[in-house]
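Engineer: The structure follows.
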Amino acid sequence: MSEPSRPRLDEAGEVREEERLDVERLRPFLATALPGAEGPITVRQFRAGHSNLTYLVAIGGREAVLRRGPFGARVKTAHDMGREWKLLGALQGVYPRAPRPLAFCEDEGVLGAPFYLMERVRGVILRGDGSGSGLALGPETLRATSTALIDSLAELHAVDLARSGLGALGRPDGYVERQVRGWTERYQAARTDEVPEIEAAAAWAAAHLPAAGGVALIHNDYKYDNVVLDPADLTRVVAVLDWEMATIGDPLMDLGTTLGYWTDPGDSPLLKAHAFGPTHLPGSLSRREVVARYAERTGRPVDDLLFHYVFALFKLAVIIQQIYRRYADGHTHDPRFASMGQLVRVLGNQAARALERGRIHELG
């Protein structure tokens, strides 16, 4: 690339006090999962995530990533570690960007919830505006990384379901309708404040269900901070993380989710302030260009994605509302969650803007 700088690899930090693990309870499991690894156990935490908890466990010179559901979670089915473990195993040799799972523990007596270990994949994760990466993210770099991100999504949607054995993972018939109904129910269960724009987006989505867009393995949370980039070549995605919501369903719904995370230069300052990646910076693909690139790589017709974009904003608002509800109920004291209620409103306003203009982007 023409903008050289030294990237910062994604690293774990101190464990939040309320999310500490009992390492001695963990020791017998590690002895089986990592044969020959002995000595002191250190646990650090990847603190950027908002849902499932992710730790870096080290013992005897070996490292592994540990994933478990959040403390105080109200929706247990959203944090099914066994399902995520099995999915990663099925993807080995089928989708090269799926991290390798190492061991699964269903005994809640060990850490208070089921969990699993997977290999650690080192690399760069771009979060927010990317300023924490140590990289000079100029236009050339962002054009290349944003294109690589969409190309990797297209490759995921091309996974051979028969070869992977994942064909029975989901129920593609009626998938979109179930998504709208299910996420609406989750919102009602987690609601703390009145947000009319979110209610309106849910009602509009229920009344405007689109035709099915095909069947594929979908990630359902595909965005910049869930992919690991090669520090030597940011155009190469080396791993895709956080498979908790993956299923067999409509690939256009997956594309819509990515668009819901994607901010454009013309979006509101509040939306860009909560960006999940540097997508609104100069050089990056816009939402409209994301759709065009995806269509080029997959050959799928993607003429009108207004429903998919509005629903993605609504779904993201529900996820954030669930996190905020955990904070409001006192199950977590993570200070990042205190302002989550405001972000729900920001997403509601963005959905309302998209419906008013009848398209997923600001400009004509």
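Engineer: May I ask for the angle, rounded to the nearest 10°, between helix 306-328 and the longest principal axis of the chain, with both axes built from Cα atoms and the value confined to 0 to 90°?
Structural biologist: 40 degrees
Engineer: What is the fewest-to-most order of E199, E140 by other Cβ atoms lying within 10 Å of their Cβ?
Structural biologist: Values: E199 16, E140 13.
Ordered from fewest to most neighbouring Cβ atoms within 10 Å, E199, E140 come out as E140, E199.
Engineer: Here's something else I'd like to know. Would you indicate which of (1) 25.0, 77; (2) 20.0, 62; (3) 22.8, 74 is the value of Rg and Dmax of the Cα atoms in Å derived from the coordinates of this structure?
Structural biologist: Among (1) 25.0, 77; (2) 20.0, 62; (3) 22.8, 74, the one calculated here is (2).
Engineer: Mind pulling the angle between the C-alpha long axis of helix 251-261 and the longest principal axis of the chain? Nearest 10 degrees, somewhere in 0 to 90.
Structural biologist: Tilt relative to the chain: about 90 degrees.
Engineer: So the label point goes 7 Å from the Cα of R20 along Cα→C-beta, right? Which residues of the stretch 108-130 then have their backbone N under 16 Å from it?
Structural biologist: Answer for this model: 111-112.
Engineer: Using amide H atoms built in the peptide plane, which far-off residues or other-chain residues are under 5 Å from F46 H to H?
Structural biologist: Counting only residues 5 or more places away or on other chains, the set is G13, T54, Y55, L56.
Engineer: Here is a further query. Would you mind checking the tilt of helix 287-298 against the longest principal axis of the Cα atoms of the chain, expressed as 0 to 90 degrees and rounded to 10?
Structural biologist: 70 degrees
Each reported figure results from applying straightforward, stated rules to the coordinates on display, with no laboratory input. Computed from a predicted model, the values in this text were never measured in an experiment. Here Cβ is always computed from backbone atoms with ideal geometry, including for glycine, and neighbour counts include all displayed protein chains.
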